[in-house]
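Down below is the structure, laid out as structure tokens.
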Amino acid sequence: MTELVKPVPAKDELLIRICATTVSSADWRVRSLEMPSGFGLLGRAALGIRRPRQPILGTELAGEIEAVGSEVTTFKPGDKVFAFPGSRMGCYVEYRCIAADGPVALKPSNLSYEQAAALSFGGSTMLDFFRRGSLQSGERVLVNGASGAVGTAAVQLAKYFGAHVTGVCGEANLELVQSIGADEVIDYTKDDFSRSGQTYDVIVDAAGTAPLSRSGRALTSDGRLLLVLAGLVDMIKAPFAGITDTRKVIAGPVAERPEYIHQLRQIAAAGEFVPVIDRCYPFEEIQTAHRYVDTGRKRGNVVIRIGRDPE
Ligand SMILES: NC(=O)c1ccc[n+]([C@@H]2O[C@H](COP(=O)([O-])OP(=O)(O)OC[C@H]3O[C@@H](n4cnc5c(N)ncnc54)[C@H](OP(=O)(O)O)[C@@H]3O)[C@@H](O)[C@H]2O)c1
């Protein structure tokens with residue numbers, strides 16, 4: 001913990017007093033340099049050789065606008081917002097500036113600050129993958145890793161888009177995944193979805209255990225495999241899969257677009273996406289929160305409360 005100078009918003013920026021942020025799998029990867037297979041050196045070069053290049057982690061936030069720049073007309077002081085600086089990070093602070101036309105939107109009034117802080121990471125990841133995978137209403141979707149931050153967003157957003165959803169998770173999380181809308185659940189410690197004979201139009205792999213060599217058996221002839229988590233080799237092979245096969249593989253980093261944040265606001269305000277919160281920690285206990293995420297067993301999201309909650 002250290003004292004920083006309070007930032008001053010530029011003419012097109014908002015100054016947000018942060019009430020909540022999260023410890024996401026991105027924070028864990030940047031801090032620990034635990035990278036998917038093949039990304040060890042690349043990860044170190046991109047994220048920092050000896051320590052994280054961005055010293056302040058935290059990809060997403062919810063809070064209250066304290067001040068706005070002279071040219072801002074779309075927000076005002078007192079507005080409750082959530083935002084997704086994403087790979088720029090920098091949310092483990094009390095105050096942060098963000099461009100008014102950036103990835104920031106009014107907080108849905110039906111969500112707490114803790115819930116709103118956890119809307120963006122999993123939510124925008126899955127909006128981007130479902131867009132790239134052209135998910136259609138009525139399709140059958142399987143989510144591998146359905147109990148994590150990305151997986152719980154994938155299940156709820158796929159249901160919102162009108163899909164029939166099967167969630168794959170460990171035994172302890174079957175009830176959770178059913179409670180957020182999965183039509184069917186599979187315990188990966190007992191059953192292998194790829195050998196059940198059932199096929200899916202879209203398979204989301206948020207656990208890194210379902211590359212094309214395994215998922216191929218369970219994809220329809222024009223199915224799409226969305227590799228949210230993939231090793232370097234599978235990521236390089238992904239664009240070429242569609243050349244020899246009618247099925248597509250989509251992988252790689254997600255695009256971080258402000259419109260996803262506005263879309264998430266609408267979906268959440270309609271009650272169709274409620275982020276799953278596993279644990280909340282006060283800011284002072286952020287190390288304990290990171291240690292918990294290090295176990296790899298978090299359910300949905302781990303939230304950090306910062307300062308006083310105005311609600
Ligand atoms: N491509 C991108 O730009 C992008 C964007 C966001 C995230 N990601 C990556 O996506 C991955 C998932 O992110 P996250 O935030 O959802 O992580 P997370 O919250 O830590 O969740 C991971 C989940 O995987 C499950 N899991 C572990 N082993 C499994 C197995 N064999 N089969 C099925 N599920 C299994 C765990 O559930 P159980 O406890 O039930 O086993 C856990 O809930 C991370 O590795 C992250 O780096 C990539």
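Would you kindly state how much longer the chain becomes between residue 172 and residue 76 on full extension, computed as 0.36 nm times their sequence separation minus their alpha carbon distance, in nm to one decimal?
30.2 nm
Sort 150-157, 249-256, 288-295 by packing, meaning the average of other beta carbons within 10 Å per residue, with the highest value first.
In decreasing order of mean packing, 150-157, 249-256, 288-295 become 150-157, 249-256, 288-295.
If you take every DSSP beta bridge whose two residues both sit in the chain, what share of them, in percent to the nearest 5, is antiparallel?
45 percent
Taking each pair of different alpha-carbon atoms in segment 122-251 once, compute 1/r for the pair, average those values, and report the inverse of that mean as the Kirkwood hydrodynamic radius in Å to one decimal.
Value: 14.1 Å, from the Cα pair sum.
Work out, step by step, the length gained on full extension between residue 191 and residue 291: first 0.36 nm times the residue separation, then minus their alpha carbon distance; give nm to one decimal.
Here the segment from residue 191 to residue 291 would lengthen by 33.0 nm.
Restricting to lysines 8 or more places apart or on different chains, can you count the pairs in the chain with Cα atoms under 26 Å from each other?
Close lysine pairs found across the chain: 15.
Percent relative contact order of segment 111-232, based on C-alpha pairs within less than 8 angstrom and at least six residues apart?
In percent, rounded to a whole number, it is 23.
Using Cα pairs under 8 angstrom and six or more residues apart, how large is the relative contact order of the chain, in percent?
21 percent
For the peptides 220-226, 138-144, 241-247, what is the packing order when you average, over each peptide's residues, the other Cβ atoms within 10 Å and list the highest mean first?
Going by the mean number of other Cβ atoms within 10 Å, highest first, we get 138-144, 220-226, 241-247.
Can you list residues from other chains, or at least 5 along the same chain, whose modelled amide H is less than 5 Å from the amide H of residue 16?
HN-HN under 5 Å from residue 16: 66, 96, 97, 98.
Taking the simple approach of a point 7 Å from Cα along Cα-to-Cβ for both residue 134 and residue 222, what is their distance in nm?
Each label point is offset 7 Å from its Cα along the Cβ direction, giving 0.7 nm.
Quick one: if the Förster radius is 25 Å, what FRET efficiency do residue 54 and residue 110 give, using the C-beta to C-beta distance and rounding to 0.05?
Efficiency for this residue pair is about 0.20.
Place +1 on the Cβ of every Lys and Arg and -1 on the Cβ of every Asp and Glu in the chain, take the dipole about the Cα centre, and give the residue among 282, 52, 155 whose Cα lies farthest towards its positive end.
52
From the C-alpha coordinates alone, can you work out the Kirkwood hydrodynamic radius of the chain, in Å?
19.9 Å
For segment 53-59, just list the computed ³J(HN,Hα) in residue order, Karplus coefficients 6.51, -1.76 and 1.60, θ = phi - 60°, integers in Hz, with x standing in for Gly and Pro.
Each residue's phi maps through the Karplus curve to give 4, 8, x, 10, 7, x, 8 Hz.
Tabulate in residue order the Karplus-calculated ³J(HN,Hα) for segment 273-289, using 6.51 cos²θ - 1.76 cosθ + 1.60 with θ = phi - 60°, rounded to whole Hz; enter x for Gly and Pro.
9, 10, x, 7, 10, 7, 9, 10, 10, x, 3, 4, 10, 5, 5, 5, 4
Quick one: helix 258-269 against the long Cα principal axis of the chain, what's the angle to the nearest 10°, folded into 0 to 90?
For 258-269 against the chain, the angle is about 80 degrees.
Once you order the gyration tensor axes a ≥ b ≥ c over the Cα atoms, which shape class does segment 113-178 get: rounded for a/c under 1.5, otherwise prolate or oblate by comparing a/b with b/c?
Since a/c reaches 1.5 but b/c is at least a/b, the shape of segment 113-178 is classed as oblate.
To the nearest 20 Debye, how big is the dipole of the chain about its Cα centre, given +1 on the beta carbon of each Lys and Arg and -1 on that of each Asp and Glu?
720 debye
A short reminder: the numbers here are calculations on the coordinates, not readings from a lab. Just so you know, these numbers come straight off a predicted model, no measurement behind them. Methodologically, a virtual Cβ is constructed for each residue, glycine included, from the backbone with ideal geometry; neighbour enumeration extends over all protein chains shown.
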